[in-house]
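Structure first, then comments.
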Amino acid sequence: MRRKIIGWAAGLLAAFLVIQFTGLDEELGLDLDLGTVVSGATDAFGDGLAFATDGADSDSAVTPDGSVDVAQATETLGELTVKGKAPQTGYDRDAFAHWTDPDGNGCDARNDTLARDLTGETVDDDGCTVLSGTLTYEPYTGATARQFERGNSDLSVSLDAEHLVALGNAWISGAHAWDDELREEFANDPANLLMVDPSENRSKGAANAAEWLPPNKDFRCQYIAAQIRVKADYDLAVTQAEHDAMARVLEKC
């Protein structure tokens, strides 16, 4: 299993923010209301380019125009194994050791994801625990300037670290046969993590693309491209209905 591209999800979100907030969509002729995304000169499924945006990590690997390479995504989708769901038997979320520190920076993956996705964050004295910050753009709802306050029971100022391909979906798509090391890698992979609205994350649960899509239609192209990328990287299968739902989204991009 090849190593995943660190920060790819951050780059994808940062690129989308550029389009939303700088008027770049008009310059590039993008119609975000229809979810239209043009192909860029660089491969959105590759390393991308270092591209700095306001509030984004200057080391994020993104394509400058924020596009999804629809042709590449469609090709990769066609290479995924299509088969029925494996039994849920034996699934336990704890089988995926999550919020560990696979990159060895001293901070767990959830706090790394908060630090990556938030702006203006405050951090505890331990140098890791993110206490507060602002999510400039919440991708599942489209809300802007979403605040985060650790420990606050109000979901409007809370965020979930979302697995784009849910752990439960991964289990029935092939992860039931993995060893513990690979499950831990998957559960803490930055390319599969995104800070999102808790209500939408819980609404999604372990659903696949045929069963749930982000209410924010402008993010669906990026969402599906990300899921395809993760499933390809980990050799996870898709059901026929899931494959067809992904293909329908890509056709509108």
(request) Provide the FRET efficiency to the nearest 0.05 for the Leu131-Glu79 pair, computing r from the beta carbons and using R0 = 51 Å. (result) 0.75
(message) Just want the ordering: Ser153, Ser67, Ser158, from fewest to most Cβ atoms lying within 10 Å of their own Cβ.
(response) Ser153, Ser158, Ser67
(request) Pop the C-beta distance of Ala115 and Asp180 into the FRET formula with R0 = 22 Å and round what comes out to the nearest 0.05. (result) 0.25
(request) May I ask you to derive the FRET efficiency for Val157 and Ala71 from their Cβ-Cβ distance with R0 = 41 Å, giving the value to the nearest 0.05? (result) 0.55
(message) Viscosity 1.002 mPa s, temperature 20 °C: what is the translational diffusion coefficient of region 165-250 from Stokes-Einstein with a Kirkwood Rh over Cα pairs, rounded to a whole number of µm²/s?
(response) 161
(message) Less than 12 Å Cβ to Cβ from Val130, Lys/Arg counted +1 and Asp/Glu -1: what total charge do the surrounding residues give?
(response) -4
(message) Looking at the calculated P(r) for region 73-251, what percent of the C-alpha pair distances fall above 21 Å?
(response) 50
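No value in this document is a laboratory result; all are computed from the given coordinates. All values derive from a computational prediction rather than experimental measurement. FYI the Cβ positions are ideal-geometry reconstructions off the backbone, even for glycines, and counts take in every protein chain you see.
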